[in-house]
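All remarks here apply to the structure that follows.
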């Protein structure tokens, strides 16, 4: 069936992806993200904190592997691709900070950046845990994408589809809850892709650099992220059910129930023109296509 949104996205010249540049604003925002959030242990999980659980040898080996994959990733990327990663990292940092300050992912959510091992081996950028009253906490793994015009989103969603077909979801080897009372790995974790285009990142980065937390607290990008997650969880759960992967379906159903509570909190936020964001459209279209 002809899909005009999908056709529009795929008809745009792929040369756009080779013209990704960092504005002075994004250069400054990335520097702040790196110093205040991405290297801050309060916002991220550190492998070295798990020596008691895994032993020195295992942790050192995993740290070395993460470092080696990170260097390999950097060496194989063009300057535009490196810039795209910086934009994604900046957006990730803002989401992490605003999830704590402005409850972007809900009032019961705690959000952490994954350890480099889980980032490069398990392909998980962030982990969200919802602590629900009288229920077990629910954990969701997130991959972040801000690049329009590449096949990255298709690959990430295809990887999730393959996991569901195998009945073998992803894992987070280095996991800790917000107060570090639970440091056991999370297995069979539902995951989704979230993202927005570079202009949206520039907009929220400008507010962030101006310390305009009031505007960030009501910014519609939070509703966009929550809706992206909810839409994917619905389609992925239905797909797992059709395949008879009942354990996998249950993992996605539990994550969907958690995000529904957040959607209720955000229902009065209007996404407005953000519904036309090209990265958002690509995530929606790839989800529809790959889980239909």
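Rule-based calculations on the coordinates, nothing more; no lab input. Please read all numbers here as calculations on a predicted model, not as lab measurements. No Cβ is skipped: glycine too gets one built from the backbone with ideal geometry, and neighbour counts run over all protein chains shown.
Descriptive notes on the structure:
- If you plug the beta carbon distance of residue 61 and residue 292 into 1/(1 + (r/R0)^6) with R0 = 41 Å, you get a FRET efficiency near 0.50.
- Dividing the helix sum by the residues of the chain, where each DSSP H run of 4 or more adds -39500 (n - 2.57), gives a mean residue ellipticity at 222 nm of -17000 deg cm²/dmol.
- Taking label positions 7 Å along the Cα-Cβ direction at both residue 184 and residue 23, the computed distance is 4.7 nm, reported to one decimal.
- Footprinting exposure proxy for 239, 117, 174 (fewest neighbouring C-beta atoms within 10 Å first): 239, 117, 174
- For the pair residue 121 and residue 275 in one chain, pulling the backbone fully straight at 0.36 nm per residue adds 52.2 nm over the alpha carbon distance.
- Take the Cα of residue 267, step 7 Å toward its Cβ, do the same at residue 71, and the gap between the two points is 5.3 nm.
- Residue 79/residue 165 FRET efficiency (R0 41 Å; Cβ-Cβ; nearest 0.05): 0.70
- Taking the number of Cβ atoms within 10 Å of each Cβ as an exposure proxy, the fewest-first ranking of 166, 191, 263, 176 is 166, 263, 176, 191.
- Cα-based shape type of the range 16-67, given that a ≥ b ≥ c are square roots of the gyration tensor eigenvalues and the cut on a/c is 1.5: oblate
- The range 164-292 - Debye-derived log10 I(q)/I(0), Cα point model, q = 0.15 Å⁻¹: -0.86
- Per-residue Cβ neighbour rank within 10 angstrom, fewest leading, 214, 123: 214, 123
- Under 13 Å from a label point set 7 Å out along the Cα-to-Cβ vector of residue 40, the amide N atoms of the range 76-102 belong to 93-102.
- Euclidean distance of C-alpha centroids, the range 158-186 and the range 233-269, integer Å: 16 Å
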